[in-house]
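I have placed the structure first, in the form of structure tokens, so that the comments after it can refer back to it.
Each value in this text was obtained by applying a stated rule to the coordinates, not by laboratory testing. Worth saying up front: this structure is predicted, and the values here are computed from it rather than measured. Here the Cβ positions follow ideal geometry from the backbone for every residue, glycine too, while neighbour counts run over all protein chains shown.
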């Protein structure tokens, strides 16, 4: 896993995923701010609570892609909050034979957090981050911080530097 935030899900020193994220952002000198809000995990609703355009939300979706008969890859697809993930584009990008959203249990295991709080960073060695370039046109990205009641507004260039996502068009016009 490339990127300064890669690694295993188990946080050092017993830190939770939220604490690990903040520690990593601080250690990397990232420009971010925290936003407290009512608990919400749905992109459209939490964007309104945070006071930004839904296109600035980093919607994080975990996808399973079959590559051949015996290999399965998992991807953390990060797309603008107002866009739809194009599973066929993702399948083609990975030269897969089948792509589908991962089941909730597997997605939460790979993400290290519950649905609605998935970070746009991977802390799991089996989870590759792929970001749509449309999301990266915004100066700042917003996402739930591994919890439903607090979000992060992060400078986009710091996101790219720290997450080191593969950048590819993976959305479809809605």
### Förster radius 30 Å - calculated FRET efficiency between residue 167 and residue 48, Cβ distance, rounded to 0.05
0.60
## Note on the structure
Between the alpha carbon centres of segment 97-143 and segment 27-78 the gap in Å comes to 6
### Query
Would you list 17, 45 from fewest to most Cβ contacts within 10 Å?
45, 17
### Query
How far, in nm, would the chain grow between residue 97 and residue 73 when pulled straight, counting 0.36 nm per residue and subtracting the alpha carbon separation?
7.5 nm
### Summary
Candidates 51, 41, 116; GNM for the chain (alpha-carbon contacts under 10 Å) flags as most fluctuating 51
### Task
Identify which of 147, 50, 161 has the largest mean-square fluctuation in a Gaussian network model of the chain, with springs joining Cα atoms closer than 10 Å.
161
### Task
Could you work out the relative contact order of segment 19-174, using alpha carbon pairs under 8 angstrom and six or more residues apart, expressed as a whole percent?
29
#### Entry: Two-decimal Rg to Rh for segment 12-164 - Kirkwood Rh, Cα set
0.96
